[in-house]
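Scroll down for the structure; my scribbles are underneath it.
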Amino acid sequence: MKKSIFIFSAIIAAAILFYPENIISLSTGSPGGKTNSPMDGSNCTGCHNATLNNGQGNVMISSDMQNLEYVPGQTYSITVTASHPSFTTYGFELTAENGASKAGIFTIVNSSQTKLVNGGNAVTHKMSGTLGSATKTWTVDWTAPGFASSLGTVNFYVCALTGNGDGDNSGDEVHTANIYSVTE
């Protein structure tokens, strides 16, 4: 009887310690679908107790595309930069859409800091990609849709977390970038 109670207590304690919200927010990045895009319809405020786009933090998207134009089938570097004057912990999720579907193919260039999520249609951070000093940048490759599936305008969406580093989900800031639009 005592052995059963001990095992049951150990299982409950493990469940509390390893509850998925803690794992998701601290080590595995976004669970996916949290970019604040029209197709995702959600952002990081669902897990982090923060008001969207409120506070001193910021997030930006940039790329090596000339004049914000892409050539179908070509690969480009997309960079996400999150910043906050006094925070040192960061996270993000990035996706690309054409309004009706996810667009292009993301390729991870730094597998120790980033990974694919949401069925490969988005990129997020890993635990080893969360630390920065006032800023944090992540770069991924994005291959534009080919000529056969040409889409015209593609919009990139990002939701980023600037964290106070206290290990819980309150006191953090959640920011979204203005739509980063590129045309074919």
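For the reader, a short list of remarks on this structure follows.
- Stokes-Einstein diffusion coefficient of region 65-175, Kirkwood radius over Cα pairs, 20 °C, 1.002 mPa s, in µm²/s: 145
- Span from the region 46-113 Cα centroid across to the region 153-180 one, whole angstrom: 9
- Taking other residues whose beta carbon is less than 13 angstrom from the beta carbon of Asn54, and scoring Lys, Arg as +1 and Asp, Glu as -1, yields -2.
- Residues Thr183 and Ala134, FRET efficiency given R0 of 35 Å [Cβ-Cβ distance, rounded to 0.05]: 0.60
Every read-out reported here was derived from the displayed coordinates using simple, explicitly stated rules and does not represent laboratory data. Everything quoted here is computed from the prediction, not taken from an experiment. Heads up, the Cβs are rebuilt from the backbone with ideal geometry, glycines too, and the neighbour counts pull from every protein chain shown.
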